Amino acid sequence: MNANLYEQFRARFPSDRSRTFVEAASGTRWSYAELEDETGRIAACLRSLGLRRGDRVAAQVEKSPRALFLYLACLREGLVYLPLNPAYPEAELDYFLRDAEPALLVCRPKSQSGLEPLARRHRVAALLNLDDAGEGSLADAADSLSPLEDTAACDAADPAALLYTSGTTGRPKGAVLSHRNLASNAEVLKRAWGFAPDDVLLHALPLFHTHGLFVACHCVLAAGAAMLLLPRFDVDGVLRLLPRATVFMGVPTFYVRLLQHPGLDEAATRTVRLFISGSAPLLPQTFEAFHERTGHRILERYGMTECGMVTSNPLEGARKVGTVGAPLAGVALRVVDGKGNALPPGSTGAVEFRGPNVFSGYWKMPERRAEDFSADGFFRSGDLGVMDSDGYLTLVGREKDLIISGGLNVYPKEVETLLDRYEGIAESAVIGMPDDDLGERVTAMVVPSASAGELHPPSIIAELKTMLAGYKVPKELHVVDELPRNAMGKVQKNLLRDRAARVADGAASGPVPGRESRAVD
Ligand code: MLC
């Protein structure tokens with residue numbers, strides 16, 4: 001049997017291929033027949049470039065149906081798809097291209113000339129472009145070719161995608177996901193959430209992460225259903241299209257912003273059978289407010305790039321607020337103590353899981369396996385949790401120093417490393433502060449070096465923006481005299497958070513972050 005994920009989806013496509021697969025915000029629709037045709041042409045283009053099974057295809061493009069077809073065409077050809085956030089500046093791209101060594105980079109037309117030297121430096125053989133309307137040199141090349149009919153034969157363990165996640169060391173790691181990892185999760189989620197051919201998913205997530213690319217699109221593809229594709233999340237766009245949707249998925253920030261709109265009510269959500277939330281903790285007050293306004297109980301689930309989804313509240317049955325539900329079918333999940341012994345319900349410990357959805361390791365980092373996996377093959381998630389007697393998991397914290405801002409992971413170390421290199425900064429600490437909109441807000445504390453003159457926070461932030469994607473750049477930067485440390489010399493980030501919170505409370509009128517915020521030290 002061909003384990004190629006595309007082939008598995010194809011087996012579920014509606015027999016009536018004229019049914020809609022995707023409709024763009026412009027109203028243009030692509031049927032399943034057109035999906036086959038488009039991906040066949042792009043696959044022909046990829047083949048004409050000489051790409052071979054296992055080659056990486058990096059894509060830093062805007063969200064569009066064609067961007068999705070590019071991903072599916074890579075699957076068809078047995079290539080490894082590497083989606084990149086368009087917010088990554090050149091400095092971050094440089095790392096990804098060096099590490100992943102893609103054979104093709106598809107970029108936005110406006111960034112092509114700037115990326116040519118970078119692509120040459122990293123020996124990327126081909127550079128094509130694709131704009132937000134689906135036009136560009138990739139489309140031109142694909143349109144001139146006849147669509148391929150076949151799908152590359154793949155083993156279940158063959159890599160299908162490479163997704164980078166930032167890491168505790170400050171160096172992003174590429175999670176290699178196989179056809180089996182993605183296929184098993186697609187099937188499990190389709191069943192768990194009851195996806196059927198008549199479902200219409202309203203898709204407002206980015207297409208460069210697990211949530212928007214795999215969780216959302218794979219449920220639709222595995223059910224032969226349809227989706228309405230918004231170019232990005234915006235409240236008006238979502239409210240306009242919700243009456244045509246049956247399922248909506250989002251990060252908690254989406255729900256917080258929807259609740260701020262007076263148009264969110266029972267009537268606006270009448271056609272929707274399921275609202276799903278993930279990628280960051282959904283606050284109980286958001287869940288309750290949404291229930292009160294719309295009558296819907298948001299289904300919260302839990303997962304990560306390395307493993308897809310691992311737990312979910314149920315479609316039928318009790319959705320427990322504050323929990324992320326029970327392990328999905330096929331996922332073995334345990335909560336362990338410091339020695340790796342499984343703990344009984346009610347005890348807090350480290351969350352680990354194993355299953356066909358769990359990746360086999362990070363790109364070019366075989367040495368990490370012993371650290372990331374237990375001897376019996378459980379992935380160490382880095383999250384702390386507690387299981388209740390009904391088997392529902394509640395996440396209570398993280399072992400790793402991680403901030404989740406608007407559903408995006410930011411590892412403080414990555415930001416601190418750049419701050420520490422800044423002339424005039426002796427050391428820094430980056431923390432997440434509670435934020436009504438984003439869940440957590442990236443906040444930096446910097447200590448000036450002895451010889452430094454006055455530090456100018458807006459200039460530091462402006463410089464960081466040239467090196468890091470905007471969501472990683474601190475929203476606030478405070479200059480402090482020193483960082484609190486424990487006896488081992490480790491920065492006590494909990495103390496920093498408490499102090500920063502006190503400053504925020506005591507400064508309702510809001511000092512401009514900088515020397516004025518010395519009170520935090
Ligand atoms: C954008 N900005 C953010 C941000 N997103 N800042 C902090 N956190 C974020 N998440 C910054 C930009 O850099 C810019 O800064 C300013 O905010 C406005 O940019 P924007 O693009 O207009 O922002 P907006 O449209 O408001 O985006 C916010 C958002 C978006 C929440 C809608 O970030 C989003 O779609 N998040 C979803 C992320 C997601 O899909 N996560 C899934 C990961 S997978 P400036 O300074 O330039 O103005 C995963 C596994 C799992 O975690 O379980 O799902």
**OP:** Identify the residues of the stretch 433-460 with backbone N under 18 Å of a label point that sits 7 angstrom from the Cα of ARG502 along the Cα-to-Cβ direction, or state none.
**Re:** 433-434, 445-446
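Rounded to the nearest 5, what % of DSSP beta bridges with both residues in the chain are antiparallel? Before the final figure, lay out the partial values.
Numbers: 47 of 79 bridges.
Antiparallel: roughly 60 percent of the beta bridges in the chain.
Going by a ≥ b ≥ c, the root eigenvalues of the Cα gyration tensor, does the stretch 326-398 fall in the rounded group (a/c under 1.5), the prolate group (a/b larger than b/c) or the oblate group? It would help to have the intermediate numbers written out before the result.
On the way: a/c = 2.23, a/b = 1.63, b/c = 1.37.
Prolate is the answer for the stretch 326-398, as a/c is 1.5 or above and a/b outweighs b/c.
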Original post:
Once the whole set of protein chains is in place, how much accessible area is left on TRP30, using a 1.4 Å probe, in Å² to the nearest 10?
Top reply: 50
Original post:
Ordered by residue, what ³J(HN,Hα) values in Hz, to whole numbers, does the stretch 404-413 give under the Karplus form 6.51 cos²θ - 1.76 cosθ + 1.60, where θ = phi - 60° and Gly and Pro are x?
Top reply: 10, 10, x, x, 10, 7, 10, 8, x, 4
**OP:** Could you do me a favour and compute the accessible area per residue for the stretch 403-519, 1.4 Å probe, result in Å²?
**Re:** 48
Subject >> Euclidean distance between Cα centres, the stretch 127-178 to the stretch 332-404, Å >> reply: 29
Original post:
Long-range amide H contacts for VAL479: which residues qualify at under 5 Å (H placed 1.01 Å from N, peptide plane, sequence gap of 5 or more or a different chain)?
Top reply: VAL446, GLY514, ARG515, SER517
**OP:** For ASP435 paired with SER146, estimate the spin-label separation in nm (one decimal), with each label point 7 Å from Cα along the Cα-to-Cβ line.
**Re:** 5.3
**OP:** Using the Karplus curve 6.51 cos²θ - 1.76 cosθ + 1.60 with θ = phi - 60°, work out ³J(HN,Hα) for each residue of the stretch 302-307 in order, rounded to whole Hz, and write x for Gly and Pro.
**Re:** 9, x, 7, 3, 5, 9
Subject >> Extreme residue, positive dipole direction of the stretch 403-519, given options MET445, LEU419, ASN486 (C-beta unit charges) >> reply: ASN486
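Keeping to pairs on different chains or 8 or more places apart, tell me how many lysine pairs in the chain have Cα atoms under 13 Å apart. Display every interim value, and only then the final one.
Numbers: LYS173/LYS364; LYS400/LYS413; LYS400/LYS493; LYS413/LYS472; LYS413/LYS493; LYS465/LYS475.
So the count works out to 6.
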**OP:** Name the long-range amide H neighbours of THR348: under 5 Å, sequence gap of 5 or more, or other chain; modelled H, no Pro or chain starts.
**Re:** none
Original post:
Can you tell which of LEU384, PHE353, ALA370 lies farthest toward the positive end of the dipole of the stretch 326-398, using +1 and -1 charges on the Cβ of basic and acidic side chains (Lys, Arg; Asp, Glu)?
Top reply: ALA370
Subject >> Label-to-label distance, nm, for residues given as HIS456 and GLU482 (7 Å Cα→Cβ offset) >> reply: 3.0
Original post:
Amide H of ALA160: which non-local residues (sequence gap of 5 or more, or other chain) have their own amide H closer than 5 Å, using H built in the peptide plane?
Top reply: LEU177, SER178, HIS179
**OP:** Go through TYR255, PRO197, LEU118 and say which Cα lies farthest out towards the positive end of the charge dipole of the stretch 118-266; charges sit on Cβ, +1 for Lys and Arg, -1 for Asp and Glu.
**Re:** LEU118
Original post:
At a 1.4 Å probe, what is the % contribution of carbon and sulfur to the accessible area of the chain?
Top reply: 51
**OP:** For the stretch 3-14, take each phi angle, set θ = phi - 60°, evaluate the Karplus expression 6.51 cos²θ - 1.76 cosθ + 1.60, and give the result in whole Hz per residue in order, putting x for glycine and proline.
**Re:** 7, 4, 4, 4, 5, 5, 5, 4, 5, 9, 4, x
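The values are calculated or read from the model by the stated rules, or taken from the named source; none is laboratory data. Note that this is a predicted model, so its numbers are computed, not measured. Neighbour counts run over all protein chains shown; Cβ positions are idealised from the backbone, glycine included. The accessibility values were calculated without ligands, DNA or RNA, using every heavy atom of the protein model including side chains. Shrake-Rupley method; radii C 1.70, N 1.55, O 1.52, S 1.80 Å.
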